[in-house]
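The values are calculated or read from the model by the stated rules, or taken from the named source; none is laboratory data. Keep in mind it's a predicted model, so treat the numbers as computed, not measured. Because the Cβ atoms are built from the backbone with ideal geometry, glycine has one as well, and the counts that use them run over all protein chains shown. What goes into the accessible areas is simple: the full protein's heavy atoms, side chains included, and nothing from ligands, DNA or RNA. Shrake-Rupley method; radii C 1.70, N 1.55, O 1.52, S 1.80 Å.
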Amino acid sequence: MKLTLAFIFFFNLFFSIKTEKPSTISTYDPNYVEIRYDQPYKNDYYDFIVMRREGNKVKAKYFAQNYLNIGNKYRNFASGKNVILYAAAGYLGDGYNNLKNFTIENGVVIQEKLDNSKFDALVIIYATGGIAVSNLRNGDLKLQGSGADPSRKLDLRNDAFDKQFFIDWCKKESATVFQTHLLAFNNQLSIPSDADVKAINKDPRERRFLIVGKDKAGILKHVVINRRETSGLRAGAEKCFDYVKNYLGITVSFMINLDTGAQNVFNVYNSDGTVNSDITKGSESSVDKSYNLLVYYYE
């Protein structure tokens, strides 16, 4: 009898060890995340990840180049967290070893140079996990908290005092900021029609975008859309914008480019923690190859 009980005890112990998921495995409620692969639309195909922001369950985080490499920073953050996806986002400067545009990470200024012409999207990732985008061309950024007057409009491109006030606000709020192409704003395409001729990103290549807006039920959704067919930036943005509006039924607040240039780092997890290898096919999955990283996770 004692031998039988001992056998059962060791069998159960062995089985539990073999089947227990590591703490780094991602799991999330699939009701908040929809993943679709190779969806046809007007003779083209798209992969998309639609994340519902209601209840603040789905959150965003951004890592910029700093004294720690991105891989280590991501792994320290992701341990025990439920990661949905990550993607390289910001542009790299000359030599691909620094960040091209204005960047702040958790209130710390990484790159103070603010592009004044091509990159109109000022992306703000709050410490609470939300994302907002201001159109720098309009010069009407409004802030709340940490002594900011919510009615004051900041013009970061043309007013040095406004820019410094914003930097100080980011320090107080532990906010993270980066600059990229603004492709759509207030449900209208904002990228010039001749962008594929004049823009720095004119070469045909695969495209990846972040689109945020509300569906017909008024639910705020963040959509990462992946287009593996190569195209110019304008052509790819126009098709994906049309797809999200007409196929997914989303009124677009903003659409930004997630740069696939020198990095093209991208990884998506299913709700059971396994990698969705269909969507990430052809991309670089290693975070050690990235100089910046946008992460979505479930909490």
Matching residues in region 230-281 (open to solvent by 10 Å² or more (accessible area, probe 1.4 Å), of a type in the set (Ser, Thr, Tyr) and assigned to a loop (DSSP other than H, G, I, E, B)) number 5
If we ask which residues in region 282-299 are within 28 Å of Asp215 (Cβ to Cβ) and either modelled with pLDDT under 90 or part of a loop (DSSP other than H, G, I, E, B) (or both), their number turns out to be 2
For region 167-189, the count of residues that are out of contact with any Cys (no Cβ under 8 Å at 6 or more places or on another chain), farther than 22 Å from Gly232 by Cβ, aliphatic (A, V, I, L, M) and not in a helix (DSSP H, G or I) equals 1
When region 26-76 is checked residue by residue, the ones that are among the hydroxyl-bearing types (Ser, Thr, Tyr), part of a strand (DSSP E or B) and open to solvent by less than 50 Å² (accessible area, probe 1.4 Å) are Tyr41, Tyr46, Tyr62
Here the qualifying pairs (Cβ atoms under 9 Å; residues six or more apart or on different chains; first in region 263-279 and on the phi < 0 side of the Ramachandran plot; second among the hydrophobic types (A, V, I, L, M, F, W, C) and surrounded by fewer than 18 Cβ atoms within 10 Å (Cβ to Cβ)) come out as Asn267/Val275; Val268/Val275; Tyr269/Ile25; Tyr269/Val275; Asp272/Ile25; Thr274/Ile25
Apart from one, (1) of a type in the set (S, T, N, Q); (2) surrounded by fewer than 20 Cβ atoms within 10 Å (Cβ to Cβ); (3) modelled with pLDDT of 95 or more all hold for Thr176; the odd one out is (2)
Contact list, first residue from region 172-190 and over 12 Å from Asn257 (Cα atoms), second anywhere and basic (Lys, Arg), beta-carbon distance below 8 Å, six or more apart or interchain, is Thr176/Lys61; Asn187/Lys245
By residue number, the members of region 140-173 that are open to solvent by 20 Å² or more (accessible area, probe 1.4 Å) and touching an Asp or Glu at 6+ places or on another chain (Cβ under 8 Å) are Asp140, Gly145, Ser146, Lys153, Asp155
